[in-house]
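Here's the structure, in structure tokens; my notes come after.
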Amino acid sequence: MTVVRAALTQAKWTGDKESMIVKHEDFVRKAAADGAQIICFQELFYSPYIGITQDPEFYDYAESVPGPMTERFQALAKENNIVIVLPVYEEEQPGVLYNTAAVIDADGSYLGKYRKHHIPNLPNFWEKFYFRPGNADWPVFDTAVGKVGLYICYDRHFPEGWRALGLAGAQIVFNPSATKPGLSNRLWELEQPAAAAANQYFVGANNRVGTEERDGESITFYGSSYFADPRGNFVGEQGSQGEDEIIIRDLDMDVLRQVRNDWQFYRDRRPDAYDTLVAP
């Protein structure tokens, strides 16, 4: 049996960037000490959730990728022999900004990045003010623990990317998020296990926790981070709804082959019949 011990984080905003970085460095060390081989942080892990309001001051959280943040965590990944999925605010050039996640391998090497494709624009989620849509397809990264794909938050409502990652060979797909109560609660429990089952890989889904307030507006994030297996089942319990936490689970990678042999979704799909799905 081939087992990957994987970790997710969920954390409250501390009030400043450096303390959030230090908090997540501590998460890495604790997870690695518990045998974790890969860890994924929550969406925009070192900043507040900036989409609550539209304010250009938050552009200052953006930086180049690769850049100082990735370099800092490359050293930590190598020190602890752990793969790190690092969701950051990326500045490609002034005024060209993306919601991005970088992947750092266990030897500290930078493997690449994914840019969030689907950008919401809703009350308290004014993300089009801050981000361009991603433009770099659906990369799958060949890491020390296997092939890893990424989706980010609002992406999860769109099935096409989930399937593209499966077709590209993903074994584990992470979906770091910042999600509040309301319309999303049922979908949070439903969509990602369904994507894991439909595409026959593991999904790691993590969400922020705590209440963030700005200019009279506030959001309370509800955590509940979890892993789902290729059959659509939770792997262990969900995380708490309000506390900082590292969710560590053992993922039996042999289940991938078993499920794909039982359900031949990739064999039986009909791309020749799907033209209308991508019509404008």
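Expected output is a single nm value to one decimal: the length gained when fully extending between PHE129 and VAL3, i.e. 0.36 nm times separation in residues minus the C-alpha distance. What is it?
Details: separation 126, 0.36 × 126 = 45.36 nm, distance 4.13 nm.
Using 0.36 nm per residue and subtracting the Cα-Cα distance, I get 41.2 nm.
So what's the back-of-envelope 222 nm ellipticity for the chain, counting only DSSP H runs of four-plus at -39500 (n - 2.57) apiece and dividing by all residues, rounded to 500?
Numbers: 6 runs with 68 residues, N = 280.
-7500 deg cm²/dmol, from helical runs alone.
Any idea how far apart ALA194 and ALA144 come out in nm if each label point goes 7 Å out from Cα toward Cβ?
3.7
Could I have the simple spin-label model distance between LEU122 and GLN238, label points 7 Å from Cα toward Cβ, reported in nm to one decimal?
The modelled label-to-label distance comes out at 1.6 nm.
Could you tell me the center-to-center distance, by alpha carbons, between region 1-17 and region 113-131 in angstrom?
A separation of 22 Å, based on Cα centres.
Could you check the spin-label model distance between SER109 and ARG186? Points 7 Å from the Cα along Cα→Cβ, value in nm.
Reported label-point gap for SER109 and ARG186 is 4.6 nm.
Pairs to check: LYS12/LYS180; LYS12/LYS116; LYS23/LYS147; LYS12/LYS147; LYS30/LYS128; LYS23/LYS78. Give those whose C-alpha atoms are more than 25 Å from each other in this structure. Intermediate results must be reported in sequence, preceding the final value.
Numbers: LYS12/LYS180 13 Å; LYS12/LYS116 22 Å; LYS23/LYS147 27 Å; LYS12/LYS147 29 Å; LYS30/LYS128 35 Å; LYS23/LYS78 18 Å.
In this structure, LYS23/LYS147; LYS12/LYS147; LYS30/LYS128 exceed 25 Å between Cα atoms.
Any idea which of PRO271, LEU251, ASN233 is furthest toward the positive side of the dipole for region 207-280, if Lys and Arg beta-carbons carry +1 and Asp and Glu beta-carbons -1?
It is PRO271.
Using R₀ = 51 Å, calculate the FRET efficiency as 1/(1 + (r/R₀)^6) where r is the Cβ-Cβ separation of ALA33 and ARG269; round to 0.05.
Values: r = 42 Å, r/R0 = 0.83.
Given R0 = 51 Å and the Cβ-Cβ separation, E is 0.75.
Amide H of GLN241: which non-local residues (sequence gap of 5 or more, or other chain) have their own amide H closer than 5 Å, using H built in the peptide plane?
The list, which skips near neighbours in sequence, is SER224.
Tabulate in residue order the Karplus-calculated ³J(HN,Hα) for region 243-249, using 6.51 cos²θ - 1.76 cosθ + 1.60 with θ = phi - 60°, rounded to whole Hz; enter x for Gly and Pro.
For region 243-249, the Karplus curve yields 10, 4, 6, 10, 9, 10, 9 Hz.
Coordinate-derived values only; no laboratory data. Since the model is a prediction, treat every value here as computed from it, not as a measurement. Ideal geometry is used to build each Cβ from the backbone, glycine not excepted, and the neighbour counts take in all protein chains shown.
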